[in-house]
Amino acid sequence: MRNIPFVERIAERALVLQRVDGTTTDVTLEIGLPVPAPQYQIPSACPFRLIGLAKEEKLYVVGVDSAQALQLALRGMAAWLDVTAASHGGKFVLSGGTDHGFAGE
């Protein structure tokens, strides 16, 4: 995977990983400032990550400019959170909620 830098956090959301065995873990979703990545011929990439799991989970989305990269990151966030939570044996929810708060498509 390309090493897209996480320069600055521009948004965050506190989540709870609720596992099927009943255990929970507090996790923070951080969305990073979109950055150019010319070394990979990428006009703009928006990184995001989960802090608080045993291993940091991270990903990025590419766009033709920073606005599109951020827009696509937000659009894909629900699916990424669902897949990542399932790989950790549960689902992500907002504290006191029933889901992570990102709309799926």
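The values are calculated or read from the model by the stated rules, or taken from the named source; none is laboratory data. Fair warning: this is a prediction, and the values are worked out from it, not measured in the lab. Counting neighbours? That spans all protein chains shown, and the Cβs are built from the backbone with ideal geometry, glycine included.
Brief remarks follow.
- The residue of segment 25-82 that is nearest to Ile10 (Cα to Cα), among those that are surrounded by 14 or more Cβ atoms within 10 Å (Cβ to Cβ) and of a type in the set (Lys, Arg), is Arg49.
- Some residue of segment 72-82 being free of Cβ contacts under 8 Å to residues at least 12 places away in the same chain, in a helix (DSSP H, G or I) and not polar (S, T, N, Q): no
- Positions within segment 50-77 being over 13 Å from the mean Cα position of the chain (by Cα) and closer than 21 Å to Ser87 by Cβ, in sequence order: Ala54, Lys55
- Residues that are outside any loop (DSSP other than H, G, I, E, B) and over 9 Å from the mean Cα position of the chain (by Cα), drawn from segment 33-49: Val35, Pro36, Ala37, Pro38, Gln39, Tyr40, Ile42, Pro43, Ser44, Ala45, Cys46
- For Glu57: the one exception among (1) touching a helix residue (DSSP H, G or I) at 6+ places or on another chain (Cβ under 6 Å); (2) closer than 22 Å to Gly22 by Cβ; (3) modelled with pLDDT of 95 or more: (3)
- Subset of segment 1-24 (residues that are of a type in the set (A, V, I, L, M) and surrounded by 12 or more Cβ atoms within 10 Å (Cβ to Cβ)): Ile4, Ile10, Ala11, Leu15, Val16, Leu17
- Unmet requirement for Phe92, which otherwise passes all of (1) over 14 Å from the mean Cα position of the chain (by Cα); (2) within 14 Å of Thr24 (Cα to Cα): (1)
- Count of residues meeting criterion [part of a loop (DSSP other than H, G, I, E, B) and not β-branched (Val, Ile, Thr)] in segment 50-71: 6
- Taking the listed residues Val64, Val93, Val83, the one that is farther than 16 Å from Asn3 by Cα and out of contact with any strand residue (DSSP E or B) (no Cβ under 8 Å at 6 or more places or on another chain) is Val83, with no other qualifying.
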